[in-house]
Amino acid sequence: MSPLEPPSTRRVAVIGGTRIPFARSDGPYATASNQEMLTAVVDGLVERFGLEEPAAVGELVAGAVLKHSRDFNLARETVLGSRLDARTPAYDIQQACGTGLQAVIAAANKITLGQSDSAIAGGADTASDAPLGVNDELRRILLEVRRAKSAGARLKALARVRPSHLVPDIPRNAEPRTGLSMGEHAAVTARAWGVTRADQDELAAASHRRLADAYERGFLDDLVVPFRGLTRDQNLRPGSSAEKLAALKPVFGVDGPNPTMTAGNSTPLTDGAAVVLLASEEWAAARGLEPLAYLTAYETAAVDFVEGDVVGGEDGLLMAPAYAVPRMLARTGLTLDDFDFIEVHEAFASQVLATLAAWEKRGLGPVDRSRLNVVGSSLATGHPFAATGARIVATLAKLLEEQGSSGRGLISVCAAGGQGVTAILERR
């Protein structure tokens with residue numbers, strides 16, 4: 001084959017994953033940085049699969065949504081602070097809540113094209129150690145001081161500083177284009193799709209029950225490594241029920257009629273990290289590692305949540321998977337009935353239910369709830385933005401391996417900015 005000819009593609013295997021227990025913000029991980037958490041999960045993966053030797057892994061692809069300026073090279077600094085070979089290349093990626101899954105896709109693309117034999121992909125996020133920005137007017141004054149050519153000019157610039165300039169800019173959970181939080185956007189979508197409070201609470205309670213059961217039967221023993229005293233996700237409420245959740249007051253959409261979204265059926269701000277190990281079949285075989293599953297398809301989409309059909313629900317902030325999944329299924333010739341497991345990121349219970357309704361409206365058919373998030377999802381685990389995608393990939397791959405010789409799973413992740421990242425894992 002000529003070096004200029006396109007290479008033949010290879011299957012991308014999911015070998016395994018590691019994450020730390022997810023913690024509520026300002027809790028056990030309040031002083032843990034993105035790099036510390038990401039390093040912990042990378043080291044867990046290195047230890048589990050014996051990846052210490054030189055050139056064991058082709059590269060690390062990871063990211064974070066809430067990043068300090070010191071994290072500009074987060075993935076590479078993580079390599080240098082971990083047990084990976086210091087010569088391992090690394091780079092950062094960011095696509096809001098889709099970051100972890102997009103990191104997996106980016107790494108997989110190189111493996112399938114033969115540009116790499118293995119990679120670690122995932123992400124970390126801390127809502128506790130969020131960066132605080134300097135007041136923008138103060139920033140401009142300080143830059144003017146730096147450019148000044150004389151002491152007089154510097155003093156003149158500094159004389160414009162006012163007490164209000166000393167108040168830091170705190171990151172806001174709001175879309176820059178609309179000023180609305182993700183929860184407020186989700187409330188608009190919930191009304192548009194007629195999502196009820198009872199259905200949301202039942203879905204949230206089921207997430208907690210299923211995650212608790214997964215811990216009890218040891219499903220997560222090799223996926224979760226203890227960190228800072230936690231051995232299980234701090235947000236998990238094993239005794240949660242729809243009846244208990246029904247007692248909570250709404251917190252989103254309260255300015256509209258019949259608000260339905262509460263802290264109990266919404267994902268809390270969370271700290272955590274997760275990664276997965278991807279490889280070619282040849283790399284895995286040479287190391288005696290059995291792939292759990294294969295990443296076979298992926299699709300991204302975006303909606304116009306500013307000028308589109310927001311009130312009607314079609315272009316709600318978190319509705320991009322309603323477009324990505326039908327496109328991916330059409331391209332692969334699959335239907336929802338072809339999947340043994342369906343993993344939908346639970347940013348909000350209402351968003352999951354609206355997405356299911358939209359898929360049904362688009363002719364994909366209803367989703368069998370017994371196949372949906374069978375070991376719980378973000379409502380129970382929590383949602384460190386950039387870590388969720390890797391958590392889901394590792395979880396789904398293990399579910400497919402546990403099932404047996406064949407199977408197929410769908411992943412759907414909504415993201416800020418009106419985006420969605422979706423993928424298919426198969427075992428055959």
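The values are calculated or read from the model by the stated rules, or taken from the named source; none is laboratory data. Small disclaimer: the values here were computed from a predicted structure and weren't measured. Glycine also receives a Cβ, built like all others from the backbone with ideal geometry; neighbour counts cover every protein chain displayed. Remember, those area values only see protein heavy atoms, side chains included, never the ligands or the DNA or RNA. Shrake-Rupley method; radii C 1.70, N 1.55, O 1.52, S 1.80 Å.
Observations on the model:
- Boolean, Asp125 is modelled with pLDDT of 95 or more and either farther than 16 Å from Ala62 by Cα or under 17 Å from the mean Cα position of the chain (by Cα) (or both): yes
- Residue list for the range 411-428, filter: within 15 Å of the chain's Cα centre (by Cα) and open to solvent by less than 10 Å² (accessible area, probe 1.4 Å): Ile411, Ser412, Val413, Cys414, Ala415, Gly418, Gly420, Val421, Thr422, Ala423
- Pairs, first on the phi > 0 side of the Ramachandran plot in the range 215-232, second buried (at least 16 other Cβ atoms within 10 Å of the Cβ) and small (Gly, Ala, Ser), C-beta under 9 Å, six or more apart: Arg228/Ala23; Arg228/Ala32; Arg228/Ala40
- Matching residues in the range 215-269 - criterion: being surrounded by fewer than 21 Cβ atoms within 10 Å (Cβ to Cβ), of a type in the set (A, V, I, L, M) and outside any loop (DSSP other than H, G, I, E, B): Leu230, Ala242, Val251
- A single member of Leu230, Leu211 is under 23 Å from Val276 (Cα atoms) and in contact with a Gly (Cβ under 7 Å, 6 or more places away or on another chain), and it is Leu211.
- Screening Val311 on (1) open to solvent by 10 Å² or more (accessible area, probe 1.4 Å); (2) modelled with pLDDT of 95 or more; (3) not in a helix (DSSP H, G or I) shows it passes everything except condition (2).
- Check on Leu203, within 31 Å of the chain's Cα centre (by Cα), aliphatic (A, V, I, L, M), part of a loop (DSSP other than H, G, I, E, B) and under 20 Å from Ile342 (Cβ atoms): no
- Output for the range 241-261, where each listed residue is in contact (Cβ under 8 Å) with a residue 60 or more places away in the chain, touching a helix residue (DSSP H, G or I) at 6+ places or on another chain (Cβ under 6 Å), at negative phi and not aliphatic (A, V, I, L, M): Phe252, Thr260
- Residue within the range 283-294 that is touching a residue at least 40 places away in the same chain (Cβ under 8 Å), under 22 Å from the mean Cα position of the chain (by Cα), part of a helix (DSSP H, G or I) and surrounded by 15 or more Cβ atoms within 10 Å (Cβ to Cβ) present: no
- Lone unmet requirement of (1) free of Cβ contacts under 8 Å to residues at least 60 places away in the same chain; (2) in contact with a Leu (Cβ under 7 Å, 6 or more places away or on another chain) for Gln351: (1)
- Unique residue being of a type in the set (D, E, K, R) and modelled with pLDDT under 95 when the list is Asp43, Asp85, Asp71, Asp92: Asp71
- Out of Ala157, Ala174, Ala204, Ala186, one residue alone is among the aliphatic types (A, V, I, L, M) and more than 28 Å from Ala358 (Cα to Cα). It is Ala157.
- As a summary of the residue check, Leu317 satisfies the conditions (1) under 18 Å from the mean Cα position of the chain (by Cα); (2) of a type outside the set (D, E, K, R); (3) in a strand (DSSP E or B); (4) surrounded by 22 or more Cβ atoms within 10 Å (Cβ to Cβ) except for the one numbered (3).
- Residues that are among the acidic types (Asp, Glu) and under 13 Å from Leu410 (Cβ atoms) within the range 340-376 comprise Asp340, Glu343, Asp368, listed in sequence order.
- Flag if Ala32 is touching a Leu at 6+ places or on another chain (Cβ under 6 Å), part of a loop (DSSP other than H, G, I, E, B), open to solvent by less than 30 Å² (accessible area, probe 1.4 Å) and touching a residue at least 60 places away in the same chain (Cβ under 8 Å): no
- The range 317-339 residues that are farther than 18 Å from Gln351 by Cα, paired with ones that are open to solvent by less than 60 Å² (accessible area, probe 1.4 Å) and among the charged types (D, E, K, R) (beta carbon under 8 Å, 6 or more apart): Arg327/Glu299; Met328/Glu299; Arg331/Glu299; Leu334/Arg408; Asp338/Arg408; Phe339/Arg371; Phe339/Arg408
- The set of residues in the range 168-183 being at pLDDT below 90 and surrounded by fewer than 10 Cβ atoms within 10 Å (Cβ to Cβ) consists of Ile170, Arg172.
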